[in-house]
């Protein structure tokens with residue numbers, strides 16, 4: 001921790017709060033870990049050569065970004081926050097929406113991510129993760145005849161495969177993409193189409209369970225691209 005914060009220096013200029021934020025943020029990415037103690041408000045003010053009001057302004061921003069937590073009381077102060085994946089996923093989804101990311105862009109991102117996660121899942125999925133993937137297929141099968149519920153559970157399959165990949169960055173990103181996409185989806189799966197989806201999902205699962213990385217990747221690639229071609233407004237059914 002000391003090495004990560006050793007570059008901190010007094011702040012000068014008109015945007016002192018922003019500079020404090022940048023220095024703490026750089027130290028965070030430079031090696032600080034969850035729970036690392038940064039100091040009290042007074043200590044930080046002395047370290048950066050600024051007022052306590054400036055530190056409070058900086059802390060509010062850092063806290064909003066999920067970088068730090070504030071402990072109140074006699075022994076209060078600043079520490080690096082614990083990881084909160086849900087916070088990241090929600091923030092990413094919000095920013096994608098605010099950026100005006102189009103439905104097509106979301107689908108293209110899924111086409112890039114999902115074959116990779118399927119291949120990785122075939123390489124390293126645990127028994128528990130495989131059970132979870134299969135459970136999403138079984139759940140979708142139980143939802144035949146209910147297009148909205150079938151759509152929801154079909155999306156769960158793709159999320160479960162991403163989780164089974166073991167890559168938390170890809171898993172979280174896919175959840176965020178799905179969050180942006182879901183309100184725009186129009187669940188219109190008739191039973192024939194739904195059964196076709198169940199069949200390919202089962203084939204993808206089997207390739208993953210058998211450890212056939214190339215096959216799992218190819219099946220998922222063909223699946224997301226074919227559904228995109230046929231039903232671009234509803235890409236994951």
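Among the candidates 180, 133, the residue that is more than 19 Å from residue 228 (Cβ to Cβ), touching a helix residue (DSSP H, G or I) at 6+ places or on another chain (Cβ under 9 Å) and buried (at least 18 other Cβ atoms within 10 Å of the Cβ) is uniquely 133. Contact map, the stretch 188-203: first residue in the same structural domain as residue 157 (by TED's automatic domain parsing) and farther than 12 Å from residue 153 by Cα, second residue in a loop (DSSP other than H, G, I, E, B) and at pLDDT 85 or above, Cβ cut-off under 8 Å, separation 6 or more or different chains; pairs are 191/144; 191/145; 195/144. Within the stretch 62-79, the set of residues being surrounded by 15 or more Cβ atoms within 10 Å (Cβ to Cβ) and touching a helix residue (DSSP H, G or I) at 6+ places or on another chain (Cβ under 8 Å) comprises 62, 67, 68, 69, 70, 77, 78. Among the residues of the stretch 22-62, those identified as more than 24 Å from the chain's Cα centre (by Cα), part of a helix (DSSP H, G or I) and either modelled with pLDDT under 90 or more than 18 Å from residue 72 (Cα to Cα) (or both) are 23, 46, 47, 48.
The values are calculated or read from the model by the stated rules, or taken from the named source; none is laboratory data. Please read all numbers here as calculations on a predicted model, not as lab measurements. Please note: Cβ atoms are built from the backbone with ideal geometry, for glycine as well, and neighbour counts cover all protein chains shown.
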